[in-house]
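Right, one structure below, let's go through it.
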Amino acid sequence: MTSSGPDLTGQVQMVDYVAKAGYRMYTPVAHGGMSDIFLGGWIDASKSHEKLALKFLRFMHDDDKRGKSITRLARETKAWAKLSHPNIHPYLGTALNLDIYPESPAIVSPWMVNGDMSNYIQKTRYANKDILLLQIIQGLVYLHSQGVVHGDLKGNNILIDNNGVAMITDFGRCKIMDDFDYSASVMTHAAYVAPEIFRDEHINSVTFRSDVWSLGMTALELFSGTKPLWRGERPIRIFHLVINREQPQPVDYPDFPGRYWEAFQNCWEFSPTDRPNADTILQRLQAQQQFHTSEM
């Protein structure tokens, strides 16, 4: 395999199938932009209670597109394998010889029963969004300290564990700052995309500061719940708004706490150099939360 980290072949298995006409039929439990995720488990009976997520890159088993998928797998696992932080989804390794795609490696990680942030805040009425926001920023600060640009930060790429802790996941579009092999498809997640990526979709446009733009949009999403970003505009319309230097405004996000606008307001500066780094935003947020607590 071209992946990094432990080889778990023979240690994990696919579960949750339907037997039909002598065959096992598996259904994905989640989908990413370029991947499908199935439920898995350990073969070792002592760990059978631990559920796993088995992520297959969608085109790994397509001969015409396998080359690009191999590159993507190598990039994602290279970045993820070196990370260890309470707010980063753990990477366990990769495995071959699994039922549905025996020749395609699955990326193995712990299964998060609460799903992603977008779904969690809709079904959990009393979710502590202040704490979730703090955890997301702490995870991003750590990523950047390791020289890793996430490249696709949004609610769907933040998982919530059994204890309600936020963990950043999906490093398929990430970039290691000394790695010069990167590509992205921006229109699929236009609501979170910085203007320089719209203008110049290649490696040099994806930076720590473009992650900061996405962080700001993710913060708005966290507090907005079911209300769409950018007033629900279509991707092509969002493209034109961003390119023409429009920024999110408080009137469009009434549920975003007023005390946080100061901390996040210049996340959406048109020029990347005018945006703060993630650590600065973390310090601002912590100061705001401490001040708010002292006022109560």
Burial order of peptide ranges 124-130, 255-261, 134-140 (average beta-carbon count within 10 Å, highest first): 134-140, 255-261, 124-130
Proxy exposure order for PHE171, PHE38 (fewest C-beta within 10 Å first) is PHE38, PHE171
Can you give the FRET efficiency to the nearest 0.05 for THR226 and HIS31, using r as the Cβ-Cβ distance and R₀ = 22 Å? 0.65
Roughly what would the spin-label model give for ASP99 and GLN247, points 7 Å off Cα along C-beta, in nm? 5.3 nm
Under 1.5 on a/c is rounded, so check that first for region 96-153, then, if it is not, pick prolate when a/b is larger than b/c and oblate when it is not; a ≥ b ≥ c are the square roots of the alpha carbon gyration tensor eigenvalues. oblate
Give, in nm to one decimal, the length gained when the segment between ALA74 and ASP44 is fully stretched (0.36 nm per residue of separation minus the Cα-Cα distance). 8.1 nm
Can you compute the radius of gyration and Dmax for region 117-295, using only the Cα atoms, both in Å? 15.4, 49
Inter-site label distance for GLN290 and SER271 at 7 Å from Cα along Cβ, in nm: 3.1 nm
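Coordinate-derived values only; no laboratory data. All of these numbers come straight from a predicted model, not from anything done at the bench. We place every Cβ from the backbone using ideal geometry, glycine too, and count neighbours over all the protein chains shown.
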